[in-house]
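See below for the structure under consideration.
Just so it is clear, none of the values below were taken in a lab; they were calculated from the coordinates. Here the structure is a predicted model, which means the values were calculated and not measured. Neighbour counts run over all protein chains shown; Cβ positions are idealised from the backbone, glycine included.
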């Protein structure tokens with residue numbers, strides 16, 4: 001580089017001085033929920049049944065069950081959840097009191113098209129979300145809307161086995177174009193599919209692909225067992241989602257050129273369990289197939305170079321029809337959003353893996369502590385993932401899920417959750433370091449900003465929120481909302497735009 005060369009660095013960065021950290025103007029501080037975990041009102045105002053409505057509650061030791069016919073002895077937590085559907089005004093006012101700049105939420109497909117393939121949308125559903133978005137704007141909160149967040153229409157599961165069938169693409173695009181036209185002046189930021197890569201991590205295809213399970217049990221952590229016919233169904237189901245996302249992006253840009261679309265990937269940070277070359281390669285391979293398999297298609301518009309080898313190892317056949325690859329190239333997203341909760345270790349030693357298995361088919365890291373649900377806590381892994389991902393794609397990133405599930409205890413009318421503040425502080429500091437490394441990060445949206453039903457276990461006692469909801473696993477409670485200590489901490493953090501981070 002010559003002495004006279006001038007380099008303009010495009011990324012946003014965090015400034016640190018004697019007064020603390022200063023995040024960029026316009027950084028999106030906020031929180032996130034999903035409709036099936038918070039709304040309740042599962043059959044109200046014309047809403048149809050989603051796959052999520054057929055999942056029973058479970059625990060960290062007992063899996064949730066998927067039942068076709070409702071079991072009168074079982075509890076289905078999505079049916080009531082925390083009644084956000086009827087109490088959204090109270091909840092959004094609490095978010096505004098914290099100072100949220102963005103609220104990530106999902107539109108439940110079955111509130112708009114109860115069966116997934118209806119000719120006309122359900123007006124009551126459209127009216128409900130309009131009121132939600134209008135209230136957000138009243139408080140200066142930008143909505144970030146997930147179009148598909150584990151709320152697949154159960155009727156389409158019965159009809160076509162969900163995303164296994166290409167005809168589902170047209171149904172989804174009818175849904176997405178309907179809501180984009182309806183809210184074209186209220187919603188600017190959209191995510192097409194939540195954690196589209198989780199079936200490759202053993203995250204339960206019924207959740208994200210709407211495929212009827214062979215057994216009732218929902219268990220996480222079986223990604224390494226994916227093979228053959230099941231693998232073929234899953235990779236083709238994801239391919240159909242890729243196509244649906246691309247079509248949605250292209251239609252959306254016609255509806256409003258100002259729309260911004262993102263993918264949403266469940267980050268899978270995997271370190272080698274040892275410095276053995278075999279362990280290094282296993283860790284590398286897991287990250288390639290669980291992170292980049294989906295990321296490359298949605299951001300770069302093409303399947304990754306390792307795809308042929310990966311499909312061969314899975315014993316899977318990917319059905320690509322004429323025009324598919326051209327569509328994927330045209331319908332890429334504008335930014336990359338992600339969830340981050342934990343890291344794991346890759347090992348070629350099956351005995352080590354089986355004796356030390358973490359949630360998503362990796363080995364536990366002996367150097368890390370874990371939450372009460374066994375999710376290992378690793379803030380530096382978030383920095384690692386942000387750096388790696390930005391280096392690969394060079395598009396803006398957004399952390400749209402991160403948080404600590406814990407058994408909170410109410411004392412003196414609140415929850416003294418300093419452990420949650422510590423967790424969040426360290427992860428946000430990791431974002432600071434990633435931005436200092438050059439990663440362009442648009443915002444931080446804490447997961448479960450109000451206590452909601454856990455997706456993995458169906459429990460209420462696994463709490464993430466800044467706001468405590470008075471409800472237990474048996475469904476008992478007043479549903480009263482209580483501000484936790486973390487509520488006030490996050491309020492100060494947002495008001496200072498990060499400068500109070502070390503407090």
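Brief remarks on what is shown
- Euclidean distance of C-alpha centroids, the stretch 34-88 and the stretch 427-453, integer Å: 29 Å
- With one equal scatterer per alpha carbon and no solvent term, the Debye-computed log10 I(q)/I(0) for the stretch 1-154 at 0.09 1/Å reads -0.42.
- Sorting the segments 107-118, 151-162, 247-258, 417-428 by their mean number of nearby beta carbons within 10 angstrom, highest to lowest, gives 107-118, 151-162, 417-428, 247-258.
- The distance from the alpha carbon centre of the stretch 121-194 to that of the stretch 480-503 is 31 Å, rounded to a whole number.
- Counting every alpha-carbon pair across the stretch 15-495, the share separated by more than 33 Å comes to 32%.
- Note on the stretch 251-283 and the stretch 327-355: Cα centroid distance 6 Å, given to the nearest whole angstrom.
- In this simple spin-label model, placing a label point 7 Å from the Cα along the Cα-to-Cβ direction at both residue 137 and residue 317 gives a separation of 5.0 nm.
- Multiplying each eigenvalue of the alpha-carbon gyration tensor of the stretch 245-390 by 5 and taking the square root yields semi-axes of 32, 20, 11 Å, largest first, rounded to whole angstroms.
- Only DSSP H runs of four or more residues enter the estimate; each adds -39500 (n - 2.57), and after division by the residues of the chain the mean residue ellipticity at 222 nm equals -10500 deg cm²/dmol.
- Within the stretch 160-279, the proportion of C-alpha pairs whose separation exceeds 24 Å stands at 39%.
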